[in-house]
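Structure first, commentary second.
Nothing in this text is a laboratory measurement; each read-out follows from the coordinates by a stated rule. Please read all numbers here as calculations on a predicted model, not as lab measurements. No Cβ is skipped: glycine too gets one built from the backbone with ideal geometry, and neighbour counts run over all protein chains shown.
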Amino acid sequence: MIEVTALTKEFTQKKTTTTAVSDVTFRVEPGKIYGLLGPNGAGKTTTLRCIATLLRPTKGTITVNGIDVTKEPRRVRDTIGFLTGDMKLSGNLSPRELLRFFGDLNHLERDTTEKRIGWLADYLDMNDFLDRPVAKLSTGMTQKATIAVSLIHDPDVIIFDEPTAGLDILAAKTVVDFLYDSKERGRTVMLSTHIMSEAEKLCDTIGILLEGELVAEGSKDALMVAHDKPNLEEVFFSLAEKKGATEEVAHA
Ligand SMILES: Nc1ncnc2c1ncn2[C@@H]1O[C@H](COP(=O)(O)OP(=O)(O)O)[C@@H](O)[C@H]1O
Ligand SMILES: [Mg+2]
C-alpha cells in the first residue's frame, strides 16, 4: 500500500522556485495498479522519486506499507522495487552477474538469489541473453535486465517510471504482462506513463497529473462518466484545455 498525502515538492535554483508537485493526494492498494498519466514536465518522476525516498518532500507525508519515507527510508527501500530511466545498466558484467551482485547487496541467500534469477529470467524472457555482457545488449534487453535488478528482492511494492519508454512492442508487452501478473500476485503497483493506451489497458486507477496537480482520478470508466466523454483521450484533452496545458500526450 502506498499513501501519499498532500505532497508538495519544490525545487529552488538560483533564487527561483519551481513547484514540480503541488498538494497531491492518492493511495494505491495491494493487488491494484495505479497509473500517473501526464505530459512531460507534469511531475510524474518527481512524485515517484519522493515515494522511492530519493527526494525529500517539501510538504506532505508519504507512507509505504505504513512506513514513513522520511523517517525510515532504508526500510521503505527494502519494500519497494523502483525503476526509472536514469538508471540504465552498462559495462562488461552479464545480467546474471549483476543480479547476483544486487542479490548480495540486498542480503539475500545465494540459493534465494539463484531461484529468483531463474524466475525473473523466465518471466521476463531473458534466458537468451542472461550471460551476455550488458554492453552488448539491445535497448529492450537492457531494460529487462534493469527491471530484473530492481525486483531481485521480490518487493511488495513496485514503482516503475515510464517502464516501456523506448521499447519495441514485443518487449513492451512482456513488461506490461509482467506488471499485470504482479498485481494478480497481490503486489502494489504504481507506474507513470505519457502513453494513453497503456494507462487505459493496465491501470485500475488513473491519476491525471497536469503541471504538478492531480486534476482527476478514477478508473477509465469513472473518468469517462464524470467528464461525460466517450474515451480517455477526450477526458484528458478537456482537462488539459481547462488547465491551459499545451503539451501533447502520446496517443499510441
Ligand atoms: N532536480 C530538479 N531540479 C529542478 N527542477 C526539477 C528537478 N527535477 C524536476 N524538475 C522540474 O520539475 C518539473 C516536473 O518534472 P518531472 O517530475 O521530471 O516531470 P515528468 O516526469 O512528468 O516529465 C519540471 O518542470 C522539471 O523541470
Ligand atoms: Mg519523467
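Numerical summary
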{"quantity": "Residue satisfying condition, being surrounded by fewer than 21 Cβ atoms within 10 Å (Cβ to Cβ), within 16 Å of ligand 1 (Cβ to nearest atom) and not hydrophobic (A, V, I, L, M, F, W, C), within set 184, 109, 162", "calculated": "162"}
{"quantity": "Evaluation of residue 80 against (1) within 10 Å of ligand 1 (Cβ to nearest atom); (2) in contact with a Pro (Cβ under 6 Å, 6 or more places away or on another chain) (one fails), failing number", "calculated": "(1)"}
{"quantity": "Residue in segment 23-32 that is within 16 Å of ligand 1 (Cβ to nearest atom), closer than 18 Å to residue 150 by Cα and in contact with a Ser or Thr (Cβ under 6 Å, 6 or more places away or on another chain) present", "calculated": "no"}
{"quantity": "Leading residue by the ranking (nearest to residue 160 (Cα to Cα)) among those in segment 37-77 that are more than 10 Å from ligand 1 (Cβ to nearest atom) and among the small types (Gly, Ala, Ser)", "calculated": "52"}
{"quantity": "Segment 19-47: number of residues that are within 12 Å of ligand 2 (Cβ to nearest atom), surrounded by fewer than 20 Cβ atoms within 10 Å (Cβ to Cβ) and under 20 Å from residue 232 (Cβ atoms)", "calculated": "2"}
{"quantity": "Filter result for residue 149 (within 12 Å of the chain's Cα centre (by Cα), in a helix (DSSP H, G or I) and either without any contact (Cβ under 8 Å) to a residue 12 or more places away in the chain or more than 16 Å from ligand 1 (Cβ to nearest atom) (or both))", "calculated": "no"}
{"quantity": "Residue 8 vs. criteria more than 9 Å from ligand 1 (Cβ to nearest atom), in contact (Cβ under 8 Å) with a residue 40 or more places away in the chain and part of a strand (DSSP E or B)", "calculated": "yes"}
{"quantity": "Residues within segment 179-205 that are of a type in the set (A, V, I, L, M), touching a Phe, Trp or Tyr at 6+ places or on another chain (Cβ under 8 Å) and assigned to a strand (DSSP E or B), tallied", "calculated": "3"}
{"quantity": "Residue count for segment 124-178, restricted to those that are within 16 Å of ligand 2 (Cβ to nearest atom), of a type in the set (Val, Ile, Thr) and within 16 Å of residue 195 (Cβ to Cβ)", "calculated": "1"}
{"quantity": "Conditions (1) surrounded by fewer than 21 Cβ atoms within 10 Å (Cβ to Cβ); (2) within 22 Å of residue 213 (Cα to Cα); (3) within 16 Å of ligand 2 (Cβ to nearest atom); number of the one not met by residue 50", "calculated": "(1)"}
